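Notes follow the structure.
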Amino acid sequence: RAATALFLRNGFHGTSIDEVASHAGVSKQTVYKQFTDKERLFREIVEAVIGNSDALVAVITAAFGDTIATTCDELEARLCKAARVYLDGVLRVEVLSLRRLIIAEAERFPDLARSYYSQAPSRGIDVIASCLQPYADSGLLAANDLWLAAAHFAYLALAIAQDRALFMPTELPDPNERGRLAIAAARAFLAAYGTAKS
């Protein structure tokens, strides 16, 4: 926990093992015994956070519901809910801080950056594509490339708020703005891919 807080606040280069040991209330030798070096400690922290992506996958999946919507209006409501939980999951301070850190260290740790991308952003799109598949099958959506359609939905939902938050981390959108962005994302997505109105 001490190392995570320091890396997120100070970056990889700005964090020393001495600081980690001091903040954790242990000796420097204890840190080295557990993690070998600062790089190994950094890797274990990032890998642990990547492992937590299951929680966001679960809430996105749950937002689409247990049964398939049968009308465009029902689908729009589910898309709104999915966009909102996606926004709430990604706009957490620790998630944004980690994203900034991984981007900053992508050249030093290209394998970690690739792993983060595949297990977080790319996986989110995979999950959305899977949730949209029944609607493509039923004819409520028309998409030749469902993964690309899912990516469009994800970025319609996230891009505006996430981009701003990465540059201005203290200016996160309030609940009303998140709701407005979620509704707009769902409607824009259906305007592009929806086939029916009810």
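The values are calculated or read from the model by the stated rules, or taken from the named source; none is laboratory data. Worth saying up front: this structure is predicted, and the values here are computed from it rather than measured. Cβ atoms come from the backbone with ideal geometry, glycine included; neighbour counts cover every protein chain shown. Surface areas here come from the heavy atoms of the whole protein model, side chains and all, with no ligands, DNA or RNA. Shrake-Rupley method; radii C 1.70, N 1.55, O 1.52, S 1.80 Å.
Couple of notes before you dig in:
- Test item: Cα-centred dipole of the chain, Lys/Arg +1 and Asp/Glu -1 on Cβ, debye: 320 debye
- Distance-filtered residues of the stretch 42-69 - backbone nitrogen under 14 Å, label point 7 angstrom along residue 12 Cα→Cβ: 42-47
- For the stretch 70-170, the pair-distance distribution built from all alpha carbon pairs, in bins 5 Å wide starting at 0, is 2, 12, 19, 22, 18, 12, 8, 5, 2, 0 percent.
- Equivalent ellipsoid dimensions for the chain as semi-axes, Å, which come from the Cα gyration tensor, largest first: 39, 16, 13
- Remark: spin-label model distance residue 40-residue 5 equals 2.4 nm, labels positioned 7 Å along the Cα→Cβ axis.
- Loop trypsin sites (Lys or Arg not before Pro), the stretch 1-72 (other Cβ atoms within 10 Å of the site Cβ: 13 or fewer; DSSP): 1
- Loop-exposed GluC sites (Glu not before Pro) per DSSP, neighbour cap 15 Cβ within 10 angstrom, longest uninterrupted part of the chain: 1-106
- For the stretch 91-120 versus the stretch 1-69, the spacing of their alpha-carbon centroids is 11 Å.
- In the chain, a dipole from Cβ-located charges (positive for Lys and Arg, negative for Asp and Glu) runs towards its positive end, and of 7, 87, 182 it is 7 whose Cα lies farthest in that direction.
- Loop trypsin sites (Lys or Arg not before Pro), the stretch 118-198, which have at most 12 other Cβ atoms in a 10 Å radius of their Cβ (DSSP): 197
- Among the DSSP helices (H) of the chain, those spanning at least 15 angstrom by Cα along their long axis with an average Kyte-Doolittle hydropathy of -0.5 or more are 38-51, 53-63, 72-90, 93-104, 121-138, 146-167, 175-193; this is a geometric and hydropathy rule only.
- Residue-normalised accessible area of the chain, given per residue in Å² at a 1.4 Å probe: 54 Å²
- Full extension of the chain segment joining residue 106 with residue 172 gains 21.3 nm, where the gain is 0.36 nm per residue of separation less the Cα-Cα distance.
- Straight-line reach from residue 28: taking Cα to Cα under 19 Å and skipping same-chain neighbours fewer than 8 places apart, the aspartates and glutamates in range are 18, 19, 37, 39, 44.
- Protein accessible area in the chain, 1.4 Å probe - carbon and sulfur %: 54 percent
- Relative contact order of the chain, pairs being alpha-carbon contacts under 8 Å that are 6 or more residues apart, as %: 25 percent
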